[in-house]
Amino acid sequence: MSKQAKGKGSAFFERADKVAETGNWDYAIDMYLQGLQREPENIEHGHKALRNAARARLGNGGKPASMIEKLKRRNAKTPQDAMANALFLLSKEPGAVDQLTAAAKAAHDLELPEVARFYTTFLFDTQKHDIKKADKRVLVEIVHSLVKLEDYAQATEAAVLAKKIAPNDADISDLEKH
């Protein structure tokens, strides 16, 4: 992100905050998404606020993304599009593992390490929370993401968890060696 673009999302974030206070979650989410298109590195006023609004929306009976919305946002030509698609779908389903994974990957592709850390950490927390529902494939993605972020302690923790789920998987055994 260039220094020139810094702060270009602030008007959208401020508007989103005001709208969120009224409980108009869909409009607030739209404003956060527009702000993040202009300032994708903004974790506090962008990504965290979007997540909070999405959770509030869901808690107030908001519907998940429709199949058509999911299909429209399945493919992306650029990392910016991939991030926008993942964030839109996360705004409809804040705990969607595939979208958390897509957001972390897009953040890596956009060279936004703190944003990648934000989504990877949340994704890892979802996997640790319910080990019976933990997914080996997701844990492998988490390990790769954490290695890119040079967070080797957490990467090792993710690899150990993956090994518990699939003890005989050769790919997982290879992860532990890195």
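Of all the listed residues (171, 98), the sole one being within 29 Å of residue 80 (Cα to Cα) and surrounded by fewer than 20 Cβ atoms within 10 Å (Cβ to Cβ) is 98. Selection of the stretch 154-170 for residues being among the charged types (D, E, K, R) and modelled with pLDDT under 85 yields only 169. Scanning the stretch 125-148 for residues that are open to solvent by 50 Å² or more (accessible area, probe 1.4 Å) and of a type in the set (A, V, I, L, M, F, W, C) turns up 131, 147. Residues that are out of contact with any helix residue (DSSP H, G or I) (no Cβ under 6 Å at 6 or more places or on another chain) and either closer than 23 Å to residue 113 by Cα or exposed (fewer than 12 other Cβ atoms within 10 Å of the Cβ) (or both) within the stretch 149-160 comprise 150, 151, 152, 153, 156, 157, listed in sequence order.
Which members of the stretch 98-111 meet the condition of being under 12 Å from the mean Cα position of the chain (by Cα) and among the aliphatic types (A, V, I, L, M)? Full working, then the answer.
Going through the stretch 98-111, the residues under 12 Å from the mean Cα position of the chain (by Cα) turn out to be 98-108.
Of everything in the stretch 98-111, those that are under 12 Å from the mean Cα position of the chain (by Cα) and among the aliphatic types (A, V, I, L, M) turn out to be 100, 102, 103, 104, 106, 107.
Restricting the stretch 71-105 to residues that are assigned to a loop (DSSP other than H, G, I, E, B) and small (Gly, Ala, Ser) leaves a set whose member that is farthest from residue 122 (Cα to Cα) is 76. Considering 109, 130, 125, the condition of being in contact with a Pro (Cβ under 9 Å, 6 or more places away or on another chain), on the phi < 0 side of the Ramachandran plot and acidic (Asp, Glu) is satisfied by 109 alone. In the set (1) under 19 Å from residue 119 (Cα atoms); (2) surrounded by 15 or more Cβ atoms within 10 Å (Cβ to Cβ); (3) at pLDDT 95 or above, the condition left unmet by residue 48 is number (2). The residue that is most open to solvent (accessible area, probe 1.4 Å), counting only those in the stretch 108-119 that are in contact (Cβ under 8 Å) with a residue 40 or more places away in the chain, of a type in the set (A, V, I, L, M, F, W, C) and part of a helix (DSSP H, G or I), is 118.
Scan the stretch 55-70 and tell me whether some residue there is small (Gly, Ala, Ser), open to solvent by less than 70 Å² (accessible area, probe 1.4 Å), in a loop (DSSP other than H, G, I, E, B) and without any contact (Cβ under 8 Å) to a residue 12 or more places away in the chain. It would help to see each step written out before you state the result.
Filtering the stretch 55-70 for residues small (Gly, Ala, Ser) gives 56, 59, 61-62, 65-66.
With open to solvent by less than 70 Å² (accessible area, probe 1.4 Å) added as a condition, the list becomes 56, 59, 61-62, 65-66.
Now narrow it down to the ones that are in a loop (DSSP other than H, G, I, E, B): 61-62, 65-66.
Narrowing further to those that are without any contact (Cβ under 8 Å) to a residue 12 or more places away in the chain: 61, 66.
The answer is yes; a qualifying residue exists.
The values are calculated or read from the model by the stated rules, or taken from the named source; none is laboratory data. Note that the structure is predicted; figures quoted are calculated from it, not measured. Please note: Cβ atoms are built from the backbone with ideal geometry, for glycine as well, and neighbour counts cover all protein chains shown. Areas reflect the complete protein model, heavy atoms only, side chains present, ligands, DNA and RNA absent. Shrake-Rupley method; radii C 1.70, N 1.55, O 1.52, S 1.80 Å.
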